[in-house]
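Participant: The structure that follows is given in the form of C-alpha coordinates.
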Amino acid sequence: MRLPQNLDLGAAAPLLSTIKEARGQALQLDASGVDRIGGLCLQVLLAARAQWRTDGVDFSIVNPSAAFAEGVQLMAAVELAPREGVS
(Lines give C-alpha, C1' and ligand atoms only; values in the text may rest on other atoms or scores of the structure.)
Protein backbone atom coordinates (compact mmCIF):
# COMPACT_ATOMS: atom_id res chain seq x y z
CA MET A 1 0.00 0.00 0.00
CA ARG A 2 1.35 3.39 -0.97
CA LEU A 3 1.04 6.09 1.69
CA PRO A 4 -0.42 9.42 0.56
CA GLN A 5 1.77 12.42 -0.17
CA ASN A 6 0.43 14.40 2.79
CA LEU A 7 -0.08 12.50 6.01
CA ASP A 8 -1.79 15.42 7.70
CA LEU A 9 -4.91 15.74 9.84
CA GLY A 10 -7.20 15.14 6.87
CA ALA A 11 -5.41 11.91 5.97
CA ALA A 12 -5.65 10.34 9.43
CA ALA A 13 -9.20 8.93 9.27
CA PRO A 14 -8.84 7.45 5.76
CA LEU A 15 -5.44 6.00 6.71
CA LEU A 16 -6.90 4.41 9.83
CA SER A 17 -9.81 2.95 7.86
CA THR A 18 -7.52 1.49 5.19
CA ILE A 19 -5.18 0.00 7.76
CA LYS A 20 -8.06 -1.50 9.76
CA GLU A 21 -9.28 -3.26 6.62
CA ALA A 22 -5.89 -4.97 6.32
CA ARG A 23 -5.82 -6.34 9.87
CA GLY A 24 -4.75 -9.93 10.04
CA GLN A 25 -2.75 -9.71 6.82
CA ALA A 26 0.88 -8.80 6.27
CA LEU A 27 1.07 -5.09 5.57
CA GLN A 28 3.78 -3.21 3.70
CA LEU A 29 3.44 0.56 3.49
CA ASP A 30 5.43 2.44 0.85
CA ALA A 31 6.46 5.85 2.21
CA SER A 32 8.46 6.92 -0.85
CA GLY A 33 5.97 9.61 -1.89
CA VAL A 34 5.37 11.17 1.52
CA ASP A 35 6.13 14.89 1.64
CA ARG A 36 4.64 15.60 5.07
CA ILE A 37 3.71 13.61 8.17
CA GLY A 38 1.73 14.97 11.08
CA GLY A 39 1.31 13.75 14.62
CA LEU A 40 -2.09 12.10 14.19
CA CYS A 41 -0.98 9.99 11.22
CA LEU A 42 2.17 9.12 13.13
CA GLN A 43 -0.03 7.84 15.97
CA VAL A 44 -2.04 5.75 13.50
CA LEU A 45 1.15 4.18 12.13
CA LEU A 46 2.61 3.51 15.58
CA ALA A 47 -0.65 1.95 16.78
CA ALA A 48 -0.87 -0.21 13.65
CA ARG A 49 2.71 -1.37 14.07
CA ALA A 50 2.01 -2.32 17.69
CA GLN A 51 -1.20 -4.15 16.76
CA TRP A 52 0.43 -6.11 13.94
CA ARG A 53 3.23 -7.15 16.30
CA THR A 54 0.68 -8.26 18.90
CA ASP A 55 -1.13 -10.22 16.19
CA GLY A 56 2.15 -11.80 15.04
CA VAL A 57 1.74 -10.49 11.49
CA ASP A 58 4.39 -8.73 9.39
CA PHE A 59 4.17 -4.94 9.26
CA SER A 60 6.70 -2.83 7.42
CA ILE A 61 7.24 0.67 6.15
CA VAL A 62 9.53 0.66 3.14
CA ASN A 63 11.24 3.25 0.98
CA PRO A 64 10.82 6.14 3.42
CA SER A 65 11.19 9.48 1.67
CA ALA A 66 13.57 12.00 3.19
CA ALA A 67 10.56 14.00 4.41
CA PHE A 68 9.00 10.93 6.06
CA ALA A 69 12.28 9.95 7.73
CA GLU A 70 12.89 13.50 8.95
CA GLY A 71 9.32 13.85 10.21
CA VAL A 72 9.38 10.66 12.26
CA GLN A 73 12.82 11.56 13.59
CA LEU A 74 11.59 14.99 14.72
CA MET A 75 8.68 13.29 16.51
CA ALA A 76 10.97 10.73 18.18
CA ALA A 77 9.60 7.75 16.26
CA VAL A 78 12.68 6.93 14.23
CA GLU A 79 11.86 3.21 14.54
CA LEU A 80 9.27 3.78 11.79
CA ALA A 81 11.91 4.80 9.27
CA PRO A 82 15.35 3.40 9.88
CA ARG A 83 17.66 3.67 6.89
CA GLU A 84 16.32 0.51 5.25
CA GLY A 85 12.67 0.53 6.40
CA VAL A 86 10.83 -1.20 9.21
CA SER A 87 10.19 -4.87 9.76
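The values are calculated or read from the model by the stated rules, or taken from the named source; none is laboratory data. This structure is a prediction, so every number in the text was calculated from the model and none was measured. Please note: Cβ atoms are built from the backbone with ideal geometry, for glycine as well, and neighbour counts cover all protein chains shown. Only protein heavy atoms, including side chains, enter the accessible area calculation; ligands, DNA and RNA are left aside. Shrake-Rupley method; radii C 1.70, N 1.55, O 1.52, S 1.80 Å.
Participant: 5 Å is the cut-off here: which amide hydrogens, built 1.01 Å from N in the peptide plane, fall below it relative to Gln28, excluding neighbours closer than 5 in sequence?
Facilitator: Here the answer is Ser60, since their amide H atoms fall under 5 Å of that of Gln28.
Participant: Can I ask one more? With N residues in the stretch 3-56, what two-decimal value do you get for its Cα radius of gyration over 2.2 N^0.38 Å? Could the numbers behind the result be given before it?
Facilitator: Working: Rg = 10.8 Å, N = 54, 2.2 N^0.38 = 10.0 Å.
Relative to the rule-of-thumb radius for its length, the stretch 3-56 sits at 1.08.
Participant: Oh, and also: For the chain, which longest stretch is free of loop sites, where a loop site is one of the trypsin sites (Lys or Arg not before Pro) that DSSP puts outside H, G, I, E and B and that has at most 15 other Cβ atoms within 10 Å? Present the calculation step by step, with values, prior to reporting the outcome.
Facilitator: Details: sites that count: Arg23, Arg83.
The reported range is 24-82.
Participant: Using a 1.4 Å probe, what is the accessible area per residue for the chain, in Å²?
Facilitator: Values: 4980 Å² over 87 residues.
With the other protein chains kept in place, the chain gives 57 Å² per residue.
Participant: On the protein heavy atoms, probe 1.4 angstrom, tell me the percent of accessible surface of the chain carried by carbon and sulfur.
Facilitator: On the way: 2460 of 4980 Å².
Looking at the chain in its full context, I get 49 percent from C and S.
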